[in-house]
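A quick write-up on the structure given underneath.
The values are calculated or read from the model by the stated rules, or taken from the named source; none is laboratory data. A quick note: this is a predicted structure, and the numbers were derived from the prediction, not measured. Cβ placement follows ideal geometry from the backbone for every residue including glycine, while neighbour counts extend to all protein chains displayed.
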Amino acid sequence: MTEWVAPFNAAFIAAGLDELARAVGEVDQERYAASATAGYACLAKKGLTKQGGLSGYYFTTSGTWQYLGQINDSFIAGRGLSRCSETQRNEYAAIATRMALYMTDKAQQADGHVRRAWHDPAGAAPAGVPLFPEWNVHPDRVVEKIFMRGQAWALFGLAGTCRLLQGQYSAQAMQIRERTAGLAGYIMRVQRANGSWLYSQKQEGLGECVKGTAALALALAEYAAVSGDCSVVPGISKALGYLEQCSAGSIVPPSLATLPMDRSEEGGIIYYRNRPMVCAYAGALELLARVRLQELEGTA
């Protein structure tokens with residue numbers, strides 16, 4: 001696969017670098033902060049079309065931008081932009097608003113969930129090979145499924161946009177809050193009795209997804225923090241209970257024993273697999289969700 005850079009990931013990673021800049025000593029602080037600023041700018045100034053969609057992916061080997069299609073992972077950009085400096089707040093709030101409205105207009109369904117992907121090259125970079133092979137035959141659609149981890153990325157971004165819009169009550173701001181609540185409501189309705197979420201809501205045979213459950217738990221916690229909607233807190237607690245039951249335990253080295261193990265049969269655009277897998281980033285998301293839950297319970 002040709003190496004490419006996704007601008008929405010640049011904003012997501014920048015949010016982490018921003019947190020590091022605030023946590024480390026003065027020696028590294030400036031470097032991390034500068035990298036975070038560059039990551040936000042990559043999305044805000046290069047990564048979006050005028051409509052608010054993803055303009056393309058940057059291919060490092062050729063030094064060019066290409067459009068591969070829209071994907072619901074892109075929603076997460078709002079989370080990164082919401083970590084911007086106060087001097088950038090108004091500019092990035094306008095950008096995040098444009099993106100949130102575009103993405104929800106295109107992807108959000110009547111029940112609140114957001115669909116996986118779509119093809120919309122208007123105003124985008126020159127077209128490249130589509131992210132999904134189905135676009136070669138049906139460029140206006142892909143096979144529908146409800147990718148639950150994608151719902152987490154969308155909620156992260158919409159909650160971030162709501163954070164940027166705090167104190168604003170324009171029609172657009174109210175619409176974004178309503179759509180964010182609609183997505184959170186859908187997520188809560190499809191949570192399983194054991195606290196987990198499926199990998200794909202329309203493909204039960206692929207099983208429960210540890211990565212998706214951890215991501216959704218943290219996304220719901222960030223949504224609750226910005227919205228004040230504490231009705232999701234029991235669902236977060238149930239999800240964390242499920243993840244604790246999924247700890248890898250004695251079948252892995254002790255350093256990995258507390259990490260959750262995913263046994264879902266995940267089929268993604270990168271690979272297909274059917275074997276248990278210890279998930280480091282699920283463990284990181286779970287840890288953050290536990291911290292956020294404690295904060296929510298402390299302010300309840």
Per the filter on region 108-147, residues at pLDDT 65 or above, part of a loop (DSSP other than H, G, I, E, B), surrounded by fewer than 16 Cβ atoms within 10 Å (Cβ to Cβ) and hydrophobic (A, V, I, L, M, F, W, C) are A110, A122, V129
So for region 29-40 (the condition being among the aromatic types (F, W, Y) and at pLDDT 85 or above), does at least one residue qualify? yes
Is there a residue in region 81-88 that is in contact (Cβ under 8 Å) with a residue 12 or more places away in the chain, of a type in the set (D, E) and either over 23 Å from H119 (Cβ atoms) or in a helix (DSSP H, G or I) (or both)? no
Flagged in region 80-94 as of a type in the set (S, T, Y) and either surrounded by 23 or more Cβ atoms within 10 Å (Cβ to Cβ) or touching a Leu at 6+ places or on another chain (Cβ under 8 Å) (or both), in numbering order, are S82, Y92
Within region 180-211, work out how many residues are under 15 Å from G228 (Cα atoms) and surrounded by fewer than 24 Cβ atoms within 10 Å (Cβ to Cβ). 3
Which one of L20, L43 is within 30 Å of A117 (Cα to Cα) and not polar (S, T, N, Q)? L43
Can you name every residue in region 212-234 that is touching a residue at least 24 places away in the same chain (Cβ under 8 Å) and surrounded by fewer than 21 Cβ atoms within 10 Å (Cβ to Cβ)? A225, V226, S227, D229, C230, S231, V233
Based on this model, can you work out whether I13 counts as in a helix (DSSP H, G or I) and surrounded by 22 or more Cβ atoms within 10 Å (Cβ to Cβ)? no
Please pick out the residue among G63, G16, G25, G52 that is on the phi > 0 side of the Ramachandran plot and out of contact with any helix residue (DSSP H, G or I) (no Cβ under 6 Å at 6 or more places or on another chain). G63
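Okay, residues lined up against (1) among the aromatic types (F, W, Y); (2) surrounded by fewer than 21 Cβ atoms within 10 Å (Cβ to Cβ); (3) within 24 Å of V226 (Cα to Cα):
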| position | (1), (2), (3) |
| --- | --- |
| V24 | no, yes, no |
| I71 | no, no, no |
| G78 | no, no, yes |
| A96 | no, no, yes |
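Results for (1) closer than 21 Å to C162 by Cα; (2) in a helix (DSSP H, G or I), shown as yes or no for each residue.
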{"position": "A34", "(1), (2)": "no, yes"}
{"position": "G39", "(1), (2)": "yes, yes"}
{"position": "L43", "(1), (2)": "yes, yes"}
{"position": "G52", "(1), (2)": "yes, no"}
Within the group R189, R179, which residue is in contact with a strand residue (DSSP E or B) (Cβ under 7 Å, 6 or more places away or on another chain) and not hydrophobic (A, V, I, L, M, F, W, C)? R179
Candidate set: region 199-211, residues that are touching a residue at least 60 places away in the same chain (Cβ under 8 Å) and in contact with a Leu (Cβ under 8 Å, 6 or more places away or on another chain); chosen: the one farthest from R115 (Cα to Cα): V210
Return the residues of region 228-261 that are over 30 Å from L183 (Cβ atoms), part of a helix (DSSP H, G or I) and among the small types (G, A, S); say none if nothing qualifies. G249, S250, S255
Considering every residue within region 237-249, establish whether at least one is among the hydrophobic types (A, V, I, L, M, F, W, C), buried (at least 16 other Cβ atoms within 10 Å of the Cβ), touching a residue at least 60 places away in the same chain (Cβ under 8 Å) and touching a helix residue (DSSP H, G or I) at 6+ places or on another chain (Cβ under 6 Å). no
For region 22-42, does any single residue satisfy the condition of being out of contact with any Cys (no Cβ under 9 Å at 6 or more places or on another chain), under 28 Å from D120 (Cα atoms) and charged (D, E, K, R)? no
